[in-house]
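**Student:** Following this message is one structure expressed as structure tokens.
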Amino acid sequence: MSGPDGAWGVFLDRDGTLIEDTGYPRRPQDVRLLPGAVDALRAFRALGARLVVVSNQSGVGRGWITPQEMEAVDDRFRALLADEGITLDAVHYCTDAPDRATGRRKPGPGMLLEALAALVLEPGRSVMIGDKETDVQAGRAAGLATVLLAPSGPAPGATEADQVATSWPAAVAWVRRRTGHPGTGSG
């Protein structure tokens, strides 16, 4: 699939990548954006990327949180971004429990493939960024370049990611180089 004029996206995990990972978030007041995430999203948007969140939310499928709690957390997440002037192009959640997983649940590529098709994006120009190896695996399965966001670095030989970034500025710099845009950092 080829997007119009080479349209591309940055696909992002949510928990542990954009917001603090609190396990299975159920209270909107516990949603906190991670340092550097907003600047990174602004930088990606300035590069012309579409912004897509793809996140497993198995707490719903496991019966640990309700769909309404998940929606309230999502509303808060989007409101925090909107307060910073950031709008996402798409958000895809998979609520499957691991033992009943479909191909939508990461490491499967389903959510990414849905977004690529809906937004008409080129997978070969797009990037998946996340804090877990399942994010990397999903990105690779969908044909995207991958960045593992690992502030303390990954275990040696433990990732198939195209790039390991120890900070948001490092992730932005890699995406800039990959897309042929000058500059470094997140600003």
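The values are calculated or read from the model by the stated rules, or taken from the named source; none is laboratory data. Keep in mind that this is a model prediction, so the values were computed, not measured. When we count neighbours, we look across all protein chains shown, and the Cβ atoms used for this are built from the backbone with ideal geometry, even at glycine.
Residue-wise test of (1) at pLDDT 95 or above; (2) of a type outside the set (Ser, Thr, Tyr).
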| site | (1), (2) |
| --- | --- |
| 1 | no, yes |
| 12 | yes, yes |
| 24 | no, no |
| 39 | yes, yes |
| 46 | yes, yes |
| 52 | yes, yes |
| 58 | yes, no |
| 66 | yes, no |
| 71 | yes, yes |
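**Student:** Still on this structure, please answer the following. Name the residue, out of 118, 90, that is surrounded by fewer than 21 Cβ atoms within 10 Å (Cβ to Cβ), in contact with a Leu (Cβ under 9 Å, 6 or more places away or on another chain) and over 27 Å from residue 154 (Cα atoms). Please lay out each step first, then the result.
**Tutor:** Working: 118 fails: in contact with a Leu (Cβ under 9 Å, 6 or more places away or on another chain).
Just one listed residue meets the conditions, 90.
**Student:** Do any residues in the stretch 65-93 that are without any contact (Cβ under 8 Å) to a residue 24 or more places away in the chain have Cβ atoms under 6 Å from those of residues that are in a helix (DSSP H, G or I) and among the hydroxyl-bearing types (Ser, Thr, Tyr), where the two are at least six apart or on different chains, and which pairs are they?
**Tutor:** none
**Student:** Still on this model: Do we have residue 143 as modelled with pLDDT of 95 or more, under 24 Å from residue 46 (Cα atoms) and assigned to a loop (DSSP other than H, G, I, E, B) here? Before you say what the answer is, go through the steps one by one.
**Tutor:** On the way: modelled with pLDDT of 95 or more: yes; under 24 Å from residue 46 (Cα atoms): yes; assigned to a loop (DSSP other than H, G, I, E, B): yes.
When the stated conditions are applied, residue 143 passes them.
**Student:** Collect the residues in the stretch 12-33 that are among the β-branched types (Val, Ile, Thr), in a loop (DSSP other than H, G, I, E, B) and within 28 Å of residue 116 (Cα to Cα), keeping them in residue-number order. Steps first, answer last, please.
**Tutor:** Step one: filter the stretch 12-33 for residues among the β-branched types (Val, Ile, Thr), giving 17, 19, 22, 31.
Then keep just the ones that are in a loop (DSSP other than H, G, I, E, B); that gives 17, 22, 31.
Matches in the stretch 12-33: 17, 31.
**Student:** Confirm whether residue 186 is surrounded by fewer than 21 Cβ atoms within 10 Å (Cβ to Cβ), assigned to a loop (DSSP other than H, G, I, E, B), among the polar types (S, T, N, Q) and modelled with pLDDT under 95. Talk me through it step by step, then tell me what you get.
**Tutor:** Numbers: surrounded by fewer than 21 Cβ atoms within 10 Å (Cβ to Cβ): no; assigned to a loop (DSSP other than H, G, I, E, B): yes; among the polar types (S, T, N, Q): yes; modelled with pLDDT under 95: yes.
Criteria not met by residue 186.
**Student:** Shifting gears a bit: Residues that are within 27 Å of residue 125 (Cβ to Cβ), hydroxyl-bearing (Ser, Thr, Tyr) and crowded, with 17+ Cβ neighbours inside 10 Å: does the stretch 52-63 have at least one?
**Tutor:** Within the stretch 52-63, the subset within 27 Å of residue 125 (Cβ to Cβ) is 52-56.
Next cut, hydroxyl-bearing (Ser, Thr, Tyr) only: 55.
Add one more test, that the residue is crowded, with 17+ Cβ neighbours inside 10 Å, and what stays is 55.
The answer is yes; a qualifying residue exists.
**Student:** I've got another one for you. Looking at the structure I just gave you, is residue 86 under 22 Å from residue 170 (Cα atoms) and in a loop (DSSP other than H, G, I, E, B)? Steps first, answer last, please.
**Tutor:** Numbers: under 22 Å from residue 170 (Cα atoms): yes; in a loop (DSSP other than H, G, I, E, B): yes.
It is true that residue 86 is under 22 Å from residue 170 (Cα atoms) and in a loop (DSSP other than H, G, I, E, B).
**Student:** If you don't mind, there's one more thing I want to ask. Identify the residue in the stretch 155-180 that is exposed (fewer than 14 other Cβ atoms within 10 Å of the Cβ) and within 15 Å of residue 48 (Cα to Cα) and, among all such residues, is modelled with the highest pLDDT. Explain how you work it out, then say what you get.
**Tutor:** Pass one, the stretch 155-180, residues exposed (fewer than 14 other Cβ atoms within 10 Å of the Cβ): 155-158, 160, 177, 180.
Pick out the ones that are also within 15 Å of residue 48 (Cα to Cα) and you get 177, 180.
Numbers: 177: 96, 180: 86.
Across the stretch 155-180, the extreme among qualifying residues is 177.
**Student:** Listed residues 60, 164, 136; which is assigned to a helix (DSSP H, G or I), of a type in the set (Val, Ile, Thr) and more than 12 Å from the chain's Cα centre (by Cα)?
**Tutor:** Details: 164 fails: assigned to a helix (DSSP H, G or I); 136 fails: more than 12 Å from the chain's Cα centre (by Cα).
When all the criteria are applied, what remains is 60.
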